[in-house]
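Undergrad: This is the structure, below, for whatever I ask next.
The values are calculated or read from the model by the stated rules, or taken from the named source; none is laboratory data. This structure is a prediction, so every number in the text was calculated from the model and none was measured. Here Cβ is always computed from backbone atoms with ideal geometry, including for glycine, and neighbour counts include all displayed protein chains. Surface areas here come from the heavy atoms of the whole protein model, side chains and all, with no ligands, DNA or RNA. Shrake-Rupley method; radii C 1.70, N 1.55, O 1.52, S 1.80 Å.
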Amino acid sequence: QVQLVESGGGLVQAGGSLRLSCVASGSIFSINTMGWYRQAPGKQRELVAGITSGGRTNYADSVKGRFTISRDNAKNMVYLQMNSLKPEDTAVYYCNAGVRIGAMERSRTYWGQGTQVTVSS
(Lines give C-alpha, C1' and ligand atoms only; values in the text may rest on other atoms or scores of the structure.)
Protein backbone atom coordinates (compact mmCIF):
# COMPACT_ATOMS: atom_id res chain seq x y z
CA GLN A 1 0.00 0.00 0.00
CA VAL A 2 2.85 2.39 0.87
CA GLN A 3 6.33 2.26 -0.57
CA LEU A 4 9.46 4.15 0.43
CA VAL A 5 12.32 4.31 -2.06
CA GLU A 6 15.73 5.70 -1.18
CA SER A 7 18.37 6.99 -3.58
CA GLY A 8 21.67 8.83 -3.48
CA GLY A 9 23.95 6.38 -1.75
CA GLY A 10 27.40 5.54 -3.02
CA LEU A 11 31.12 5.58 -2.39
CA VAL A 12 32.79 8.76 -1.22
CA GLN A 13 36.12 9.69 0.32
CA ALA A 14 36.37 10.87 3.88
CA GLY A 15 35.50 14.54 4.11
CA GLY A 16 33.15 14.34 1.16
CA SER A 17 29.42 14.80 0.90
CA LEU A 18 26.37 12.85 -0.21
CA ARG A 19 22.69 13.66 -0.37
CA LEU A 20 20.16 10.93 0.23
CA SER A 21 16.58 11.19 -0.97
CA CYS A 22 13.51 9.16 -0.12
CA VAL A 23 10.09 9.32 -1.70
CA ALA A 24 6.93 7.84 -0.25
CA SER A 25 4.19 6.69 -2.60
CA GLY A 26 0.96 4.72 -2.51
CA SER A 27 -2.20 5.13 -0.49
CA ILE A 28 -1.09 8.06 1.65
CA PHE A 29 -3.49 10.22 3.63
CA SER A 30 -0.84 11.92 5.75
CA ILE A 31 2.75 11.44 6.86
CA ASN A 32 3.85 12.24 10.37
CA THR A 33 7.50 11.88 11.32
CA MET A 34 10.02 10.89 8.66
CA GLY A 35 13.53 9.83 9.40
CA TRP A 36 16.76 8.20 8.46
CA TYR A 37 18.29 5.21 10.21
CA ARG A 38 21.48 3.35 9.47
CA GLN A 39 22.88 -0.07 10.13
CA ALA A 40 26.56 -0.92 9.92
CA PRO A 41 27.77 -4.53 9.64
CA GLY A 42 27.48 -6.29 12.98
CA LYS A 43 25.69 -3.38 14.61
CA GLN A 44 22.12 -2.54 15.47
CA ARG A 45 20.06 -0.17 13.38
CA GLU A 46 20.27 3.33 14.83
CA LEU A 47 18.45 6.60 14.35
CA VAL A 48 20.43 9.17 12.38
CA ALA A 49 17.91 12.00 12.11
CA GLY A 50 14.19 12.60 12.26
CA ILE A 51 11.83 15.38 11.19
CA THR A 52 8.20 16.00 12.04
CA SER A 53 5.58 17.22 9.60
CA GLY A 54 6.01 20.65 11.17
CA GLY A 55 9.75 20.66 10.58
CA ARG A 56 11.11 19.88 14.04
CA THR A 57 14.32 17.92 13.76
CA ASN A 58 16.45 15.71 15.94
CA TYR A 59 19.85 14.15 15.31
CA ALA A 60 22.11 11.50 16.69
CA ASP A 61 25.00 13.09 18.56
CA SER A 62 27.46 11.48 16.15
CA VAL A 63 26.09 13.43 13.16
CA LYS A 64 25.14 16.78 14.69
CA GLY A 65 26.72 19.63 12.78
CA ARG A 66 27.50 17.42 9.79
CA PHE A 67 24.14 16.05 8.62
CA THR A 68 20.96 17.97 7.81
CA ILE A 69 17.54 16.42 7.41
CA SER A 70 14.79 18.17 5.46
CA ARG A 71 11.49 17.27 3.84
CA ASP A 72 9.12 18.36 1.11
CA ASN A 73 5.62 17.62 2.34
CA ALA A 74 4.03 18.35 -1.04
CA LYS A 75 6.20 15.68 -2.68
CA ASN A 76 6.22 13.22 0.25
CA MET A 77 9.99 13.33 0.24
CA VAL A 78 12.67 13.45 2.89
CA TYR A 79 16.34 14.25 2.36
CA LEU A 80 19.56 13.78 4.26
CA GLN A 81 22.45 16.05 3.39
CA MET A 82 25.63 14.45 4.71
CA ASN A 83 28.78 16.55 4.89
CA SER A 84 32.24 15.89 6.33
CA LEU A 85 31.66 12.19 6.01
CA LYS A 86 33.77 9.81 8.07
CA PRO A 87 34.58 6.11 7.56
CA GLU A 88 32.42 5.33 10.59
CA ASP A 89 29.41 6.70 8.70
CA THR A 90 29.63 3.66 6.42
CA ALA A 91 26.35 1.79 6.66
CA VAL A 92 23.13 0.96 4.90
CA TYR A 93 20.83 3.95 5.31
CA TYR A 94 17.10 3.37 5.64
CA CYS A 95 14.25 5.80 5.19
CA ASN A 96 11.37 5.55 7.65
CA ALA A 97 7.98 7.23 7.81
CA GLY A 98 4.88 7.18 9.96
CA VAL A 99 1.99 7.07 7.49
CA ARG A 100 -1.77 7.17 7.78
CA ILE A 101 -3.59 5.67 4.80
CA GLY A 102 -6.96 7.13 5.76
CA ALA A 103 -8.55 9.69 8.03
CA MET A 104 -9.78 6.98 10.39
CA GLU A 105 -6.61 4.90 10.21
CA ARG A 106 -3.87 4.93 12.80
CA SER A 107 -0.32 5.75 11.81
CA ARG A 108 1.87 2.83 10.76
CA THR A 109 5.61 2.77 10.27
CA TYR A 110 7.01 1.97 6.86
CA TRP A 111 10.62 1.34 5.81
CA GLY A 112 12.55 1.64 2.59
CA GLN A 113 14.86 -1.06 1.29
CA GLY A 114 18.00 0.88 2.16
CA THR A 115 20.84 2.48 0.26
CA GLN A 116 24.51 1.76 0.85
CA VAL A 117 26.83 4.57 1.90
CA THR A 118 30.53 3.75 1.95
CA VAL A 119 33.13 6.26 3.14
CA SER A 120 36.72 5.43 2.35
CA SER A 121 39.61 6.69 4.44
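Undergrad: For region 18-92, which whole-number percentage of the solvent-accessible area (1.4 Å probe, protein heavy atoms only) is attributable to carbon and sulfur atoms?
TA: Values: 1810 of 3870 Å².
The C+S portion of the solvent-accessible surface of region 18-92 is 47 percent.
Undergrad: Tell me whether region 44-83 comes out rounded, prolate or oblate; compute the Cα gyration tensor, take square roots of the eigenvalues as a ≥ b ≥ c, and use a/c under 1.5 as the rounded threshold.
TA: Working: a/c = 1.95, a/b = 1.73, b/c = 1.12.
In terms of gyration-tensor shape, prolate.
Undergrad: Another question, then. Just to verify a number: what accessible area does LYS75 come out at with the full protein assembly present, 1.4 Å probe, Å² rounded to tens?
TA: Near enough 120 Å² of accessible area.
Undergrad: Give me the distance in nm between label points sitting 7 Å out from Cα along the Cα-to-Cβ direction at VAL23 and GLN44, one decimal.
TA: 3.4
Undergrad: Please state the shape class of the chain: rounded when a/c is under 1.5, otherwise prolate if a/b exceeds b/c and oblate if not, all from the C-alpha gyration tensor. Walk me through the numbers before you get to the answer.
TA: On the way: a/c = 2.14, a/b = 1.90, b/c = 1.12.
Prolate shape, in that a/c is at least 1.5 and a/b is the bigger ratio.
Undergrad: Further question on the same structure: Convert each backbone phi in region 16-24 into a coupling constant with the Karplus relation 6.51 cos²θ - 1.76 cosθ + 1.60 (shift: θ = phi - 60°), then list the ³J(HN,Hα) values in order as whole Hz, x for Gly and Pro.
TA: Values, residue by residue: x, 10, 9, 10, 9, 10, 9, 10, 9 Hz.
Undergrad: A further question on this structure: Just subtract the alpha-carbon distance of SER30 and LYS86 from 0.36 nm times their residue separation and send over the number in nm, one decimal. It would help to have the intermediate numbers written out before the result.
TA: Values: separation 56, 0.36 × 56 = 20.16 nm, distance 3.48 nm.
Gain on extension, SER30 to LYS86, equals 16.7 nm.
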